[in-house]
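Notes for the one structure printed next.
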Amino acid sequence: MTTSQPAKANYDVVIFDLDGTLIDSRIGIHSSIVHTLKEMGVPAVDQELLTQFIGPPLIDSFQSVCGMTETDAERAVAVYKDYFAVEGIKGFEVYEGVPEMLWLLRASGVRMAIATTKDEVFGREIALNADFMPFLEVVIGSDREGKMIRKPELIATALSALNIPRALRILREGGGPTSPHSSESMSRTPVRGRNPSGSTATPRIVMVGDHALDIHGAKANNIASIAVTYGFGNNEELKQSHPDHTANSVMELRNLLLGV
């Protein structure tokens, strides 16, 4: 991997979504949904509708896209997870430019985490297989029982695991570069045991994701947000969520985070 010299970053802490932000996971997710619908005896859906399963909690998508009852949706989620754990989890590619971006952020002293609606065990395995783990302090995802699946809670848990109390979370208007749109949860053991320096300075924190739910989750936690349009989210919904910044490519995202 060719790397540039580290720059002075615009943020101290970056929380990434996973699917559609760091990786293209369409193949694995789509194949798992197709398998699940077949097992459930539900008619297949087209490719465009399959993409709607990427981002939101699965139980919501099975109900909204397929018209399932909550009980059937819970069964579908269980079928999906059993298949994804063996087959679907293999179906992803790291977006071009992501490894170098992570290296530069790490070299610039930025703390990084992942907050995903995927099961946490899946998120960790993918991060490991994608060689993301050396850059991350925390990987937070949903639990197997589906008790924590909403993005605001996942982001809050990541911040808690990073030992960043709510009182030290910067207002969205103050995060990073000038914004065109300016207007504690359960603690977990970090993947890497780096502790905060103990400084009382307010850290500059940003959430990066491809779905409006990521942006709303950032706002619920009073942190800055960057929407990426190269993922799977609806771009109009992203726009209406009013992120602090928007990146149309990994390179644009890298420049926003690193100020280059």
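A straight Cα-to-Cα reach below 29 Å connects Lys81 with the lysines Lys38, Lys90, Lys118, Lys147, Lys151, residues fewer than 8 places away in its own chain not being considered. Principal axis analysis of the Cα atoms in region 9-73 yields extents of 50, 23, 17 Å, listed in decreasing size.
Cα gyration tensor of region 48-101, axes a ≥ b ≥ c as square roots of the eigenvalues: rounded (a/c below 1.5), prolate (a/b > b/c) or oblate? Prolate. In this simple spin-label approximation, Thr202 and Lys38 carry label points 7 Å from Cα along the Cα→Cβ vector, and these lie 5.4 nm apart.
Taking every Cα-Cα distance in region 35-172 and sorting them into 10 Å bins starting at zero, the pair-distance distribution P(r) comes out as 10, 35, 33, 17, 4, 0 percent. Centre-to-centre separation between the Cα atoms of region 119-163 and those of region 198-260: 17 Å.
Other residues with beta-carbon under 11 Å from the beta-carbon of Pro152 carry, at +1 per Lys or Arg and -1 per Asp or Glu, a net charge of +1.
Given axes a ≥ b ≥ c from the Cα gyration tensor, I'd like to know whether region 89-146 is rounded (a/c under 1.5), prolate (a/b larger than b/c) or oblate. Oblate is the answer for region 89-146, as a/c is 1.5 or above yet b/c matches or exceeds a/b.
Since every read-out is calculated from the coordinates, none of them should be taken as a lab result. This one's a predicted model, so the numbers in the text were calculated from it and none came from an experiment. FYI the Cβ positions are ideal-geometry reconstructions off the backbone, even for glycines, and counts take in every protein chain you see.
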